[in-house]
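S.K.: Handing you a structure now.
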Amino acid sequence: MSEEQAVPLGDAALDADQSKTDLENHVKLEAGDAAPRADNPSQLDGREALQPGGEALQPTRLYKRRWMIVVLFSSYSLCNSFQWIQYGIINNIFMKFYNVDAFTIDWMSMIYMLTYIPFIFPVTWLLDKKGLRVIALVATALNCAGTWIKVASVKPNLFAVTFLGQLSCSFAQVFILGMPSRIASVWFGSEEVSTACSIGVFGNQLGIAIGFLVPPILVPNVDDMDELAHHISIMFYITAGVATLLFILVVCVFQERPKLPPTQAQATARSIPPEHYSYTASILRLLRNRPFNLLIVTYGLNVGCFYAVGTLLNRMIIEHYAGEEVNAGRIGLTIVIAGMVGSLICGIWLDKTKTYKQTTLAVYFMSLVGMIVYAATLNLGHLWVVFITAGALGFFMTGYLPLGFEFAVELTYPESEGTSSGLLNCSAQVFGIIFTICQGKIMDRFGTLAGNIFLCVFLLIGAIMTGFIKSDLRRQKANLMAKAAVSVEARNRVLCCVCLLWMLKWNNGGGIII
């Protein structure tokens, strides 16, 4: 079922100061849907269209299976991200059951961020060398193992065991978080990559949403420890069953790549010999790309704020609305559901308009506005107001996630999508740990308002920095150049046909045959 891996282009990319030459040399990588489709023979007339360099465009095809692949990925991403927040949203209940402090339970979420930072680089190297199927198998295997370890940890004296299970799931996340843009590029056409990437991110967000909603319902705040252990056990068994089913589906169904590539980018990437790709050189080129470096920082600031809000949400709500653990989960659900809608809308908008910087800047600014309004209304004493402001915050803050991925692919083309996404997520994890720890300490000493103002300051910095990102859309420029070349070839064919018809008519009229 697994096919040979498509090797991403690496050493052919040039330094940032040679971006114009880079586009000319690599324009053949993004002829996209302008290529003749293998499943549309009417586009092939015995002569293949030529790329700007004089090379024939290779046949491409979009397979219906691509939707099953992205939905399966979204499903196991959902299962993993659910577990990121399942402890933090009922922080006070797990504190009582395992007899640990709030900061220790916060680490059950922050361990996801901590493990990502050192391991993302070997994982993206493995992705480039072994491909998507191997990464999917490892991710689902680790996630499945972690869930069953948690099943064995439902005793007050076994906190170390439940932490081990969460650690295994956090390792699985390293194999998941940066994959949406890679799956979109390998399986989808040039006019639907942003939408596909949004669907990939959608699964992660839906998992967080369920993680906010379900644990407070399955694990009520009861005093009897045996009854509490029973409720926790039910939650862990359900998670383990779902994770096991997804692992089996990945083994049986998940495919490395389509038989024919969806775009000329993937067609040409497959022809690059593995020895011509250097992962280290690719990283160094990305780190010399100034617009991408700015995006790394701004993405980390925005998503780091979201991680902090999600991890500490239970503490924020309980401080102002005692005994409202279930509503705390519902507020978290509102944040993420609104963000899922925002993600899909932004993905479709980008596919239609290609306005990457303008959309990113607008969504970033509205994330800042949403955070200010949320912070100002949290202590008013009306939960319905918190639901509304939290939903507005989530629409823009989590809706920003696929924007960052796709903007990065544009700025770093033709480098590997997995590498650029990995660097973005690494930044997000670093800022997430810093913001969670700092905001938690500020809340303990000065209250939730001061903690939220702390996040607003960094969102303002991120919005300003986003305005300075140069909108160097390399992939879009290459698309336009390649499609223009194909259009010229098509026009030349039409002219040849007209000339041939003219000569035939002249011959029938008694003229001289040329």
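S.K.: So for the range 289-301 (the condition being modelled with pLDDT under 85, more than 20 Å from the chain's Cα centre (by Cα), open to solvent by 30 Å² or more (accessible area, probe 1.4 Å) and farther than 18 Å from M371 by Cβ), does at least one residue qualify?
M.R.: There is no residue in the range 289-301 that is modelled with pLDDT under 85, more than 20 Å from the chain's Cα centre (by Cα), open to solvent by 30 Å² or more (accessible area, probe 1.4 Å) and farther than 18 Å from M371 by Cβ.
S.K.: Tally up the residues in the range 129-162 that are open to solvent by 10 Å² or more (accessible area, probe 1.4 Å) and within 18 Å of P118 (Cβ to Cβ), please.
M.R.: 2
S.K.: Across the range 169-192, what is the total count of residues that are of a type in the set (A, V, I, L, M), assigned to a helix (DSSP H, G or I) and farther than 14 Å from P258 by Cβ?
M.R.: Number of matching residues: 2.
S.K.: Tell me, please, whether a residue that is closer than 21 Å to L287 by Cβ, at pLDDT 90 or above, over 16 Å from the mean Cα position of the chain (by Cα) and not aliphatic (A, V, I, L, M) can be found in the range 357-373.
M.R.: No, every residue in the range 357-373 fails to be closer than 21 Å to L287 by Cβ, at pLDDT 90 or above, over 16 Å from the mean Cα position of the chain (by Cα) and not aliphatic (A, V, I, L, M).
S.K.: Given the criteria in contact with a Lys or Arg (Cβ under 8 Å, 6 or more places away or on another chain), at pLDDT below 90, β-branched (V, I, T) and assigned to a helix (DSSP H, G or I), does V201 qualify?
M.R.: No.
S.K.: Let me ask something additional. What helices (runs of 4 or more DSSP H) lie completely within the range 347-435 and have 2 or more residues being closer than 30 Å to E324 by Cα, open to solvent by 10 Å² or more (accessible area, probe 1.4 Å) and not hydroxyl-bearing (S, T, Y)?
M.R.: Per the criteria, 356-377, 383-397.
Quick grid of which residues meet (1) among the aromatic types (F, W, Y); (2) closer than 15 Å to F396 by Cα; (3) in contact (Cβ under 8 Å) with a residue 40 or more places away in the chain:
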{"residue": "S282", "(1), (2), (3)": "no, no, yes"}
{"residue": "N289", "(1), (2), (3)": "no, no, yes"}
{"residue": "L301", "(1), (2), (3)": "no, yes, yes"}
{"residue": "H320", "(1), (2), (3)": "no, no, yes"}
{"residue": "A338", "(1), (2), (3)": "no, yes, yes"}
{"residue": "A362", "(1), (2), (3)": "no, yes, no"}
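S.K.: While we're on this one: Can you give me the number of residues within the range 118-168 that are outside any helix (DSSP H, G or I) and among the small types (G, A, S)?
M.R.: The total comes to 3.
S.K.: I'd like to check something: does the range 53-67 contain any residue that is part of a helix (DSSP H, G or I) and either at pLDDT 85 or above or closer than 30 Å to A229 by Cα (or both)?
M.R.: Scanning the range 53-67, I find at least one residue that is part of a helix (DSSP H, G or I) and either at pLDDT 85 or above or closer than 30 Å to A229 by Cα (or both), so the answer is yes.
The values are calculated or read from the model by the stated rules, or taken from the named source; none is laboratory data. Keep in mind that what you see is a predicted model, and the values were worked out from it rather than measured. Quick reminder, even Gly has a Cβ in these numbers, built from the backbone with ideal geometry, and neighbours come from all protein chains shown. Note: areas computed on protein heavy atoms with side chains; ligands, DNA, RNA excluded. Shrake-Rupley method; radii C 1.70, N 1.55, O 1.52, S 1.80 Å.
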